[in-house]
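To start, the structure itself, in structure tokens.
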Amino acid sequence: MRLNAGMERDQAAGKTVGRRTLDRPGQSARLTALPSHVYGLRVLGMGLGALPVGLLLQEMHAPWHYWAWAALCCLVWPHAAYLRAHGSATPFRVERGNLVVDSIIAGSMVPIMHFCLLPSVLLLTVATADKISTGIRGLWLRAAPAMVLGLLATGLVTGFVWDPETSMPVLVASLPILVIHTLAVSLYGYRLVRRVQRQNLRLDELYRLDGLTRLESRAHWLSQAEATLRRHKSDALPATLILIDVDHFKDINDRYGHATGDDVLRAIADAIHHLIPLHSHAGRLGGDEIAIILPLALADAAAVAARIDAAVESLEFPRFPALRCSISIGLSELPPQGLSLREWSEAADHEMYRAKRARHSGRAPQAPAGCSGLPVAAS
Ligand SMILES: Nc1nc2c(ncn2[C@@H]2O[C@H](COP(=O)(O)OP(=O)(O)OP(=O)(O)O)[C@@H](O)[C@H]2O)c(=O)[nH]1
């Protein structure tokens, strides 16, 4: 019974495959893209940070080596950091190191500015926000000691001069980094969130739909079938399971090629899409086997199945005018007392194989075979 075989194993395997397909491309993209993403923000943040720092150094009549350190950090380092990471065989790891250096630099600026309150707080905040915006887990926490280290080391060299008062010109010069950098980081975060949302939609589609036929995927169909069984317990509304298997599908593949076999599956799925009522669930269980749950009693479901049967028999394939296909169909109506999914599918499966045997022996059934009530043992 193919429907039940390895249901749990499939779910477990799905998780494993999911983890693999999610992590590898995501990781490699992150590895190579991080330096480019950070470069723009670093040039912007440090470039704008140079405004209040430069103004303050001028107000302080700072010695040349203060200026040299500030120029090196604000104007040279962003480009050096990018080249360092970009030219590396491990750009992600090197860029992570660069981000920690950013924190050391931000910390070192504080004693150089004599602890001038507004630009000091601003630089430390911006440096921390940059770490958070990369999305690298725990980076901002790991960078915090580096920031303190930069502050202490420069403080020891410069003598921890304490002058926290902020002049109006320095306050005004601090505004661009406050406004522009904050907006740039937010925009970066926004784009990231939008991309994740798009990827989530794609992942959801990959989970829900079968790539070839656009019917429901096996995993999604199984969860819908379980939900139908749970609902049936409370509302007792009719539900009938249809199992479909393409006849001699292997021969079609062998004679007309695998691509034509795919065309046949797609054409059958299209016919099913057009003929099933709203709130039905049609899924491809694998290979040439399709399962449909109809919100109908057996007689109405049999009428739908007969229409699907007729539509499939009338399918034409322009490249191969002689190609005709047929399907074997088994139906099982859910009895009022309910069934497990295994029992329900075994009942439909039994009917489907009965129909297939009839077709193979040349005794095509008059109508799609179906049963109502308790399951029968698969023969
Ligand atoms: N073209 C194509 N073939 C597939 C796909 N998945 C499975 N198959 C083939 O489908 C065939 C299924 O054959 P079976 O259902 O075992 O046998 P059959 O020839 O249909 O015979 P009956 O079911 O007894 O009528 C196999 O040859 C598989 O290789 C697919 O996605 N595309």
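All of the numbers you see were taken from the coordinates with simple rules; none came from a lab. Note that the coordinates shown come from a computational prediction; the quantities given were computed from them, not determined experimentally. Positions of Cβ are generated from backbone atoms using ideal geometry, with glycine treated the same way; all protein chains shown enter the neighbour counts.
Assign unit charges at the C-beta atoms only (+1 for Lys and Arg, -1 for Asp and Glu), then state the dipole size of the range 218-372 relative to its Cα centre in Debye, rounded to the nearest 20.
100 debye
Show the residues, 5+ positions off or on another chain, whose built amide H is closer than 5 Å to the amide H of Cys325.
HN-HN under 5 Å from Cys325: Leu315.
Choose one answer from Ile268, Ile136, Ile244: the residue with the largest mean-square fluctuation in a GNM of the chain with alpha-carbon springs under 10 Å.
Among Ile268, Ile136, Ile244, the largest GNM mean-square fluctuation belongs to Ile136.
What ranking of Ile272, Ile104 emerges when the number of other C-beta atoms within 10 Å of each C-beta is taken as an exposure proxy, fewest first?
Ascending Cβ contact count within 10 Å gives the list Ile104, Ile272.
Net charge near Leu209, counting Lys/Arg +1 and Asp/Glu -1 over other residues with Cβ under 15 Å of its Cβ?
+1
Taking the Cα centre of the range 7-207 as the origin and placing charges on Cβ (Lys, Arg +1; Asp, Glu -1), which of Leu171, Val121, Leu187 is farthest toward the positive end of the dipole?
Result: Leu187.
Where does the longest stretch of the chain lie that holds no GluC sites (Glu not before Pro) found in a DSSP loop with 16 or fewer other Cβ atoms within 10 Å?
1-164
I need the phi-derived Karplus couplings for the range 296-301: 6.51 cos²θ - 1.76 cosθ + 1.60, θ = phi - 60°, integer Hz, Gly and Pro marked x.
9, 6, 4, 5, 5, 5
How large is the dipole of the chain about the Cα centre if only Lys and Arg carry +1 and Asp and Glu carry -1, each at its Cβ, rounded to the nearest 20 debye?
For this selection, approximately 620 debye.
Take the chain, connect every pair of alpha-carbon atoms lying under 10 Å apart with a spring to form a Gaussian network, then pick out the residue of Pro91, Pro145, Pro321 with the largest mean-square fluctuation.
Looking only at Pro91, Pro145, Pro321, the largest GNM fluctuation is found for Pro321.
Quick one: net charge of Leu315's neighbours, Cβ under 10 Å, K/R +1, D/E -1?
Around Leu315, the surrounding residues sum to -3.
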